[in-house]
Amino acid sequence: MPIVSMQDHSILVAALRDSRDWPSTRPPEPVECVQTHISSVLLAGDFAYKIKKPLDLGFLDFSTLERRRFCCEEELRLNARLAPSVYLEVVPITGTAERPVIGGEGEPIEHTVKMRRFDAYALLSRHLERLTPELVDAIAERAAAFHGEIPSAAESAPFGTPEAVFFPMQQNFDQIRALVADPGELARLGELEAWTRDQYACLEPLLAERRAGGFIRECHGDMHLGNMVLEQGSVTIFDGIEFNPSLRWIDTVSEVAFLVMDLDEKGRPELGRRFLDRYLARTGDYAGLRLLHFYQVYRAMVRAKVAAIRLGQPGLSQTEKAEVLAAYAGYADLAQGYTRPLAPALVITHGVSGSGKSRAAAALVEGLGAVRARSDVERKRLAGLRAEQASGSDLSGGIYSPELTKQTYVRLRQLCALILDAGLVAVADAAFLKRDQRAPFARLAAERQLPFLILSPKGDESLFHRRVEQRAGAGTDPSEATLEVLEAQLRAIEPLEAEEQGALFLVPAAGAFPVQGVAERLSGHG
């Protein structure tokens, strides 16, 4: 008889842990079991066997054997995109719940996804100290490339319409409300629901635009640190959503928001900001920033719902219950934080190559939560080149022609406007050697009645020379500046005029960057 209930599932899992009827590859050590809210995962030697629980939770339906088989096959297909070495095959379980056989003859009573087992302690969620800035950059590059490879939803598909985006958000609130009894938490839930409804009303036209623009794609759907494993210096992203197409056919910025939220929750917001910075540099999708907080609240509430579901399942110890309750409260706190009003501002840099402009801009990204637009990246994007791709241009030709330079500054202003539209601090990372390059940005800030700063790194020219030489030798930076370029810039730079001096903020070309000083200046207290 097929497995039909959670009781059957529990009997099956217990029997498999104690069974002598495993394939010949069964290891001599005991079979371990890891429980999630929707699956039981048996760890046996070099392999893991994932068995879906016979549940119908609304957002997923594993209630029948056929549904679970189909979802096993979908799990294999979808995860082959990012983790082909982990997901191996779908294997039937035969026999009875009391005497099961993995891969045996006869009618299946259940199905399991056979996976290559990896060290659970290699999960990035367990070892944040392993999450270096370089790894964050690699994850951002992989996520951006993945989003560029996967298909967009067909016009006739039901995914990504404004109504389809809002439905799981409302479903989260409805399902959590049925699981949470504390009056204070219910009140907070109501506030978050009201904020989400208000934002949806404002963002509905943009949601429709995103769908028409091809940003609804068959994503991973659950991209957070708990689904990333570090092996031999490389990160593998696994456990994408197979059980509900509407939860993976989503806006790519929703996927980005999940990982940024997760890094916030783990106490590493600077890495989330770095991830976003690198992802935007790779994709250019600054228009999606207006949806970032909307989706971050949604993603935090998804995790809160998972915790609430776990609370309602049997077998939790008091310690486990306390941990799950704390997780729920933490995610609700995080969601609440994303609803607070923002303080947008506009910052531009001013200086020659090697002076530390990009260092200053990066410091504001990671330390202040600013969003950066880089001339070196956007110049190449306009020319149809990747950021790391060499153009072979000379000092004033190719991508450095006067016309493309003008287009680059126009593009930077457009991107800064999009960043400001999202309520964020915008940083334009460029040389801004000329007065007529800086003036449009000052006007943009004035038109919006926002704080405006000109960051100007100061240091010894010999330092600038050394940096340009080192960067050119490394060949890993989007900038193609050479010593010849630096000398030309030093001759051409136009000092700030009197009316610009009020916006000037001098920063050291080396040493600690004064993030707090910039924050105070932008808030009017510096």
Discussion item. Whether any residue in region 191-207 is touching a strand residue (DSSP E or B) at 6+ places or on another chain (Cβ under 9 Å) and at pLDDT 95 or above is what I want to check.
Written reply: yes
Practice prompt. Filter region 489-520 down to residues that are closer than 12 Å to A360 by Cβ and in contact with a helix residue (DSSP H, G or I) (Cβ under 7 Å, 6 or more places away or on another chain) and give me whichever is surrounded by the fewest Cβ atoms within 10 Å (Cβ to Cβ).
Written response: A510
Practice prompt. Quick one: in region 236-273, of everything that is more than 14 Å from the chain's Cα centre (by Cα) and aliphatic (A, V, I, L, M), which residue is surrounded by the most Cβ atoms within 10 Å (Cβ to Cβ)?
Written response: I241
Fill in: region 210-219, residues that are in a loop (DSSP other than H, G, I, E, B) and in contact with a Ser or Thr (Cβ under 7 Å, 6 or more places away or on another chain)
G214, F215, C219
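Residues checked against (1) in a loop (DSSP other than H, G, I, E, B); (2) under 17 Å from G240 (Cβ atoms); (3) touching a Ser or Thr at 6+ places or on another chain (Cβ under 8 Å); (4) without any contact (Cβ under 8 Å) to a residue 60 or more places away in the chain:
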{"residue": "C71", "(1), (2), (3), (4)": "no, yes, no, no"}
{"residue": "E75", "(1), (2), (3), (4)": "no, yes, no, no"}
{"residue": "G104", "(1), (2), (3), (4)": "yes, no, yes, no"}
{"residue": "Y121", "(1), (2), (3), (4)": "no, no, no, yes"}
Worksheet entry | Test result for G423, more than 22 Å from E469 (Cβ to Cβ), surrounded by fewer than 19 Cβ atoms within 10 Å (Cβ to Cβ) and either assigned by TED's automatic domain parsing to the domain that holds V507 or touching a residue at least 24 places away in the same chain (Cβ under 8 Å) (or both) | yes
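Residues checked against (1) among the basic types (K, R); (2) out of contact with any Pro (no Cβ under 9 Å at 6 or more places or on another chain); (3) assigned by TED's automatic domain parsing to the domain that holds R282; (4) within 18 Å of Y49 (Cα to Cα):
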{"position": "L82", "(1), (2), (3), (4)": "no, yes, no, no"}
{"position": "Y87", "(1), (2), (3), (4)": "no, yes, no, yes"}
{"position": "E98", "(1), (2), (3), (4)": "no, yes, no, yes"}
{"position": "I102", "(1), (2), (3), (4)": "no, no, no, yes"}
{"position": "E107", "(1), (2), (3), (4)": "no, no, no, no"}
{"position": "V113", "(1), (2), (3), (4)": "no, yes, no, yes"}
{"position": "P133", "(1), (2), (3), (4)": "no, yes, yes, no"}
Response to the item:
When restricted to A181, A154, the only residue surrounded by fewer than 12 Cβ atoms within 10 Å (Cβ to Cβ), outside any helix (DSSP H, G or I) and at pLDDT below 95 is A181
Practice prompt. Mind listing just one residue for me: the one in region 157-178 that is aliphatic (A, V, I, L, M) and outside any helix (DSSP H, G or I) and, of those, farthest from the chain's Cα centre (by Cα)?
Written response: A178
Worksheet item: Which of the residues spanning region 280-289 are surrounded by fewer than 21 Cβ atoms within 10 Å (Cβ to Cβ), in a helix (DSSP H, G or I) and not hydroxyl-bearing (S, T, Y)?
Response: A287
Worksheet item: Looking at (1) hydrophobic (A, V, I, L, M, F, W, C); (2) under 22 Å from the mean Cα position of the chain (by Cα); (3) buried (at least 17 other Cβ atoms within 10 Å of the Cβ), can you tell me which one C71 breaks?
Response: (2)
Worksheet item: Looking at L311, L325, L334, which one is out of contact with any Pro (no Cβ under 6 Å at 6 or more places or on another chain), in the same structural domain as F166 (by TED's automatic domain parsing), surrounded by fewer than 24 Cβ atoms within 10 Å (Cβ to Cβ) and at pLDDT 95 or above?
Response: L334
Practice prompt. Examine region 7-21 for a residue that is more than 24 Å from P314 (Cα to Cα), among the charged types (D, E, K, R) and crowded, with 20+ Cβ neighbours inside 10 Å, and state whether such a residue exists.
Written response: no
Worksheet item: With respect to Y409, is the statement that it is in a helix (DSSP H, G or I), within 29 Å of D264 (Cβ to Cβ) and either modelled with pLDDT of 95 or more or of a type in the set (V, I, T) (or both) true?
Response: no
Discussion item. List pairs: first residue in region 336-350 and more than 16 Å from E193 (Cβ to Cβ), second residue in a strand (DSSP E or B) and among the polar types (S, T, N, Q) anywhere in the structure, Cβ distance under 7 angstrom, at least six positions apart or on different chains.
Written reply: H350/S456
Fill in: Wholly enclosed helices (runs of 4 or more DSSP H) of region 295-392 bearing at least 1 residues touching a Ser or Thr at 6+ places or on another chain (Cβ under 7 Å)
357-368, 375-382
Discussion item. For the list (1) among the acidic types (D, E); (2) within 27 Å of the chain's Cα centre (by Cα); (3) closer than 19 Å to L311 by Cα, I need the number of the one condition that D56 fails.
Written reply: (2)
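The values are calculated or read from the model by the stated rules, or taken from the named source; none is laboratory data. Please read these numbers as outputs of a predicted model, since none were measured by experiment. Virtual Cβ from ideal backbone geometry, glycine too; neighbours counted across all protein chains shown.
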